[in-house]
Amino acid sequence: GPDAAAAAAAAASCAMPAGPDCPGAAPGTSKWMTYAACNRAYVEPLVGCFNDGDFVLVFDIELLMVPSLVGSRCRSANLLFVFNTPFPSSDIFRVLPVRKEIMRSLLNCDMIYFQCFTYARHFLTSCSRLLGLEYHPLRGGLVQLTYLGHRVHVRANHVGLDTDAFLSRF
C-alpha cells in the first residue's frame with residue numbers, strides 16, 4: 001500500500017545521503033541530523049498503520065535508530081533487527097560519538113540477528129564494556145541480555161543456500 005511505498009522510499013533515501021559512515025558522525029552535526037531525520041521519516045508510516053503486537057523487521061545500519069523510535073511509540077511491537085553488515089569490535093565501536101545512543105536503540109529489540117557469531121560477539125562485548133550489561137547463553141543458539149528489564153535475544157544466523165535442497169528441485 002501507500003504506507004509501505006512511503007517507508008520503502010524513506011529507506012532508500014536513507015541509504016544514499018547518510019551512507020554507512022553516518023553513525024560515526026557526532027550528535028548535532030549535519031550528517032547525524034540527516035541520519036536521525038531519515039530514521040524518523042522511516043518510522044512515521046509504520047506508526048500510522050501499526051497494530052498492537054505487530055512484528056517490525058528492521059534491516060541494517062541505515063536504520064539503527066528505528067528500534068528506539070518504534071519502541072517509544074509502539075510499545076507492544078515485536079522488534080527484530082537484522083545486521084547484513086559486520087558489527088565492529090568494541091575497540092572500534094567505542095570511538096563512535098553516538099555509540100551509546102546506537103546501543104540503547106538496538107536494545108529496544110526483542111531479537112537481533114547477525115551474519116556470524118563473531119559479529120554477535122562484538123555486539124555483546126560492546127554491551128558489556130559500554131553499558132556494563134551481562135549476557136548468558138540459552139538453548140537453541142540464543143544469547144540473552146537484559147536492559148532496563150527488557151530481554152534482548154541475540155543470534156548468529158549464517159546466510160547461505162542449502163545447495164542439496166536447491167539442486168534436488170531441478
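None of the figures in this text is laboratory data; all of them are computed from the coordinates on show. This is a predicted model, so every value here is computed, not measured. As a convention, Cβ positions derive from the backbone with ideal geometry for all residues, glycine included, and neighbour counts pool all protein chains shown.
Mind ranking 71-77, 30-36, 143-149 by how tightly packed they are, going by the mean number of other C-beta atoms within 10 angstrom, highest first? Walk me through the numbers before you get to the answer.
Values: 71-77: 15.0, 30-36: 17.0, 143-149: 13.4.
Final packing ranking: 30-36, 71-77, 143-149.
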Rough spin-label spacing in nm, given labels placed 7 Å along Cα→Cβ, for Y147 and R129: 1.7 nm
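Count the net charge of all other residues whose Cβ sits under 12 Å from the Cβ of S72, scoring Lys and Arg as +1 and Asp and Glu as -1. Write out the running numbers ahead of the final one.
Numbers: positive: R40, R73, R75, R104; negative: none.
Local net charge: +4.
Could you list the chymotrypsin sites (Phe, Trp or Tyr not before Pro) in the stretch 56-135 that lie in coil according to DSSP, counting only those with at most 15 other Cβ atoms within 10 Å of their Cβ? The partial results should precede the final answer.
Working: sites: F59, F81, F83, F93, Y113, F114, F117, Y119, F123, Y135; in loops: F83.
Passing both the DSSP loop test and the Cβ count: no residue.
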